[in-house]
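Below is one structure; the comments refer to it alone.
The values are calculated or read from the model by the stated rules, or taken from the named source; none is laboratory data. All figures in this text were calculated on a predicted structure; none of them were measured in a lab. So basically every Cβ, Gly included, is an ideal-geometry build from the backbone, and we count neighbours across all protein chains shown.
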Amino acid sequence: MLFTVYTRQQLLKCIQTARSSGKKIGFVPTMGALHQGHIALIRQAKASCDIVICSIFVNPTQFNNPTDLEKYPRTVAADRALLYEANCDVLFLPEVSELYPDGLQLMPINLNGLDTVMEGVFRPGHFAGMVTVVNHLFYAVMPDVAFFGEKDFQQLAIIKYMVNELNLPISIVACATIRETDGLAMSSRNIHLTTEERKQASVIFKTMEACSKLKSDKTPGQLKQWVKNEIERSGIFGLEYVSFVDAATLQPLQQWQLAPQRICLAVTTSKTRLIDNMAL
Ligand code: PAF
């Protein structure tokens, strides 16, 4: 049974009994346009929690480009069907005024430089809006565990930091990126790819994968140039950025290190922008 609720009050009523009887609440926040990547998060939550809540909320404060907000796919009926099939228990579908009763104000928080690199450079204000809404959602849902995809690696790092900084009693579980058979990371934005772009999109995965081997004879700087050439060779994709970073601090590497490191990149096409990352 999937219950759909629209307000904090309804949500509270819906999960009160579960909460008072000590049941473990899992939470998967989304912006909708659900795909198998989101459903994998729901399934992972179902495997370890008693009640799973999914929110769908297209958060206006994390879009720095109004056209992007406008064209963000909204597919609630199809999303609901997928959630039902995945045995999700509660769908929280708030209006903007429900999450932002005092207007679209941002939460003041210092993110320790995690927000000023990579996506933070190309999407100014994005992370301030993202942490604000995740914080509002956490207070509305009060989950024991929240599940986030590694696909948005920088987002995941920032949420872990925020939870730690604010001492929120919520465990954050990182879930592996779910990919199409050719390696393209599942994303709500993939529907904006033309047939030709979709055909060529595996270049993103293949290029990242090759970096693990190539790093033994190239510096991070040399490998960045190689990645740019590979991505742009087809004439279809542009490379917005590629960064080899320390997986914990997200700071760019000048040389390879033993501590976990990651390649993160953003690629542009005619109508959209895709991000991806991989452990190296
Ligand atoms: O990853 C997303 O879909 C969004 O950034 C999130 C975490 C739901 C906040 O709006």
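So is ALA185 exposed (fewer than 15 other Cβ atoms within 10 Å of the Cβ), on the phi < 0 side of the Ramachandran plot and within 16 Å of the ligand (Cβ to nearest atom) or not? No.
Of all the criteria given as (1) among the small types (Gly, Ala, Ser); (2) buried (at least 21 other Cβ atoms within 10 Å of the Cβ); (3) over 20 Å from the mean Cα position of the chain (by Cα), the one not satisfied by SER97 is (2). Summed over the range 252-271, residues that are among the β-branched types (Val, Ile, Thr) and out of contact with any Ser or Thr (no Cβ under 9 Å at 6 or more places or on another chain) total 2.
Of all residues in the range 130-171, those that are without any contact (Cβ under 8 Å) to a residue 60 or more places away in the chain, out of contact with any Ser or Thr (no Cβ under 9 Å at 6 or more places or on another chain) and under 14 Å from LEU114 (Cβ atoms) total 10. Look at (1) hydrophobic (A, V, I, L, M, F, W, C); (2) outside any strand (DSSP E or B); (3) crowded, with 17+ Cβ neighbours inside 10 Å and you find that ILE263 fails only one, number (2).
Let's see how each residue does on (1) buried (at least 17 other Cβ atoms within 10 Å of the Cβ); (2) charged (D, E, K, R); (3) at pLDDT 95 or above; (4) not in a strand (DSSP E or B):
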| residue | (1), (2), (3), (4) |
| --- | --- |
| VAL134 | yes, no, yes, yes |
| TYR139 | no, no, yes, yes |
| ILE158 | yes, no, yes, yes |
| LYS206 | no, yes, yes, yes |
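The lone criterion from (1) free of Cβ contacts under 8 Å to residues at least 60 places away in the same chain; (2) under 18 Å from THR272 (Cβ atoms) left unmet by THR194 is number (1). When each of ILE39, ILE53 is tested for being touching a residue at least 60 places away in the same chain (Cβ under 8 Å), within 27 Å of ILE191 (Cβ to Cβ) and not small (Gly, Ala, Ser), the lone residue that passes is ILE53.
Results for (1) touching a strand residue (DSSP E or B) at 6+ places or on another chain (Cβ under 8 Å); (2) within 30 Å of LYS24 (Cβ to Cβ), shown as yes or no for each residue.
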{"residue": "PRO169", "(1), (2)": "no, yes"}
{"residue": "GLU180", "(1), (2)": "no, no"}
{"residue": "GLY183", "(1), (2)": "no, no"}
{"residue": "SER188", "(1), (2)": "no, yes"}
{"residue": "GLY238", "(1), (2)": "yes, no"}
{"residue": "THR249", "(1), (2)": "no, no"}
{"residue": "PRO260", "(1), (2)": "yes, yes"}
{"residue": "ALA266", "(1), (2)": "yes, no"}
{"residue": "LEU274", "(1), (2)": "yes, no"}
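Among the residues of the range 92-109, some residue qualifies, meaning at least one is closer than 18 Å to VAL145 by Cα and within 16 Å of the ligand (Cβ to nearest atom). Among the residues of the range 11-39, those identified as within 15 Å of the chain's Cα centre (by Cα), aliphatic (A, V, I, L, M) and over 15 Å from ALA81 (Cα atoms) are VAL28, MET31. A search for C-beta distances below 9 Å between a residue of the range 107-123 that is under 10 Å from GLN251 (Cα atoms) and any residue that is of a type outside the set (A, V, I, L, M, F, W, C) and assigned to a loop (DSSP other than H, G, I, E, B), counting only pairs 6+ apart in sequence or on different chains, returns GLY113/THR249; GLY113/GLN251; LEU114/THR249; VAL117/GLN251. Screening the candidates PHE148, PHE138, PHE127, PHE122 for the property of being within 16 Å of the ligand (Cβ to nearest atom) and touching a Cys at 6+ places or on another chain (Cβ under 8 Å) yields one hit, PHE148.
Residues of the range 151-179 being more than 20 Å from VAL267 (Cβ to Cβ), within 13 Å of the ligand (Cβ to nearest atom) and charged (D, E, K, R), which ones? Answer for the range 151-179, where residues must be more than 20 Å from VAL267 (Cβ to Cβ), within 13 Å of the ligand (Cβ to nearest atom) and charged (D, E, K, R): just LYS160.
In the range 225-260, the qualifying residues are those that are assigned to a strand (DSSP E or B) and of a type in the set (Phe, Trp, Tyr), and the one that is nearest to MET186 (Cα to Cα) is TYR241. If the condition is being more than 14 Å from PHE138 (Cα to Cα) and of a type in the set (A, V, I, L, M, F, W, C), then the range 5-14 contributes VAL5, CYS14.
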